[in-house]
């Protein structure tokens, strides 16, 4: 007689098998998420690089039309204050001049000169503030464009015969006649540019506390709803990268006058050429210098950065492109952070562990140099 053997059939998974399966799924999902993030970042970098290239081409076309590069404007759309001259009677004069020069760039010049969003009293083209239906300038289109910025480059804002000569937006006295110039930059969408809101007390743009970058506002943002339509149109406009930070416009510092008492001459306060100080180049802006160099592509610049503190013993490494370039455009990259005082801190040297420490934030900077 045969005995029946009890056979136990097991259905499902053990806890160990479930944990292994879940771990595998987590690893796969994490890998996929990292791949998607990397792909998205790469696409954003490519888009920002494309915008910088478009700005370079716009700058070239602008110079071909008017004969000079756009002026460096402040966030308030006024002519930017020039760094203090080195003086033999003050302590560390060249170091201080080198330090102050790092802030001599503009985030408002690109939109001002290449889009031309100002009204007729600001750039010579468009509607006057408060214009209503029935006024002669009300139907003037297209929306964007400028008239020639005049011989001073800022619509006679530095012309003492036309205004106070201080280079202020309120001092502009543009001609309402003449050829329409621009727009030099094609606006892809409403997220390519935004507006700045100035603090009521300091008149400086609001800043993002996380990135330290100037905060930009777009149509539909509740902060803009507190302004009337006319007030919104007067807010400074900036071109942004794909992370929403304003793109910076750099051009070499004007030559230092042999005698600071000499009057300002030429386009947008150009000083008399002099050999009393280093010839200004784009290398003078440390943040434009590459984080890493290709073999045989590095040379010494005339000014060292602040890697070793407030002295002249910092890093002098730069490129021929920066030494010869006429202008440059800058984006802080995916991390939206930059250190304007040094090129790189790959060795973590002492003296760079304060709020201005790079923490390698310059590694992902994006720079486009113009011819």
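Within segment 210-226, the set of residues being part of a loop (DSSP other than H, G, I, E, B), closer than 14 Å to residue 198 by Cα and free of Cβ contacts under 8 Å to residues at least 24 places away in the same chain comprises 215 only.
A quick yes/no check of all residues on (1) free of Cβ contacts under 8 Å to residues at least 24 places away in the same chain; (2) buried (at least 18 other Cβ atoms within 10 Å of the Cβ); (3) more than 23 Å from the chain's Cα centre (by Cα); (4) part of a loop (DSSP other than H, G, I, E, B):
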site: 132; (1), (2), (3), (4): yes, no, yes, yes
site: 150; (1), (2), (3), (4): no, yes, yes, yes
site: 161; (1), (2), (3), (4): yes, no, yes, yes
site: 183; (1), (2), (3), (4): no, yes, no, yes
site: 189; (1), (2), (3), (4): yes, no, no, yes
site: 203; (1), (2), (3), (4): no, no, no, yes
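Tell me whether segment 245-257 contains one or more residues that are at pLDDT below 90 and more than 29 Å from residue 69 (Cβ to Cβ). There is no residue in segment 245-257 that is at pLDDT below 90 and more than 29 Å from residue 69 (Cβ to Cβ). Restricting 33, 43, 38, 58 to those that are loosely packed, with under 11 Cβ neighbours inside 10 Å and either under 27 Å from residue 189 (Cα atoms) or in contact with a strand residue (DSSP E or B) (Cβ under 9 Å, 6 or more places away or on another chain) (or both) reduces the list to 38.
For the residues 233, 323, 273, the requirement of being outside any loop (DSSP other than H, G, I, E, B), more than 30 Å from residue 39 (Cβ to Cβ) and either modelled with pLDDT of 95 or more or out of contact with any helix residue (DSSP H, G or I) (no Cβ under 6 Å at 6 or more places or on another chain) (or both) singles out 233. With respect to being part of a loop (DSSP other than H, G, I, E, B), at pLDDT 75 or above, in contact with a helix residue (DSSP H, G or I) (Cβ under 9 Å, 6 or more places away or on another chain) and within 25 Å of residue 205 (Cβ to Cβ), residue 69 fits the description.
If you go through segment 191-201 and keep only what is assigned to a loop (DSSP other than H, G, I, E, B), in contact with a strand residue (DSSP E or B) (Cβ under 8 Å, 6 or more places away or on another chain) and at pLDDT 85 or above, you end up with 192, 196, 197, 199.
The values are calculated or read from the model by the stated rules, or taken from the named source; none is laboratory data. Remember, it's a predicted structure, so these values are computed and weren't measured experimentally. Positions of Cβ are backbone-derived with ideal geometry, glycine not excepted, and every protein chain shown enters the neighbour counts.
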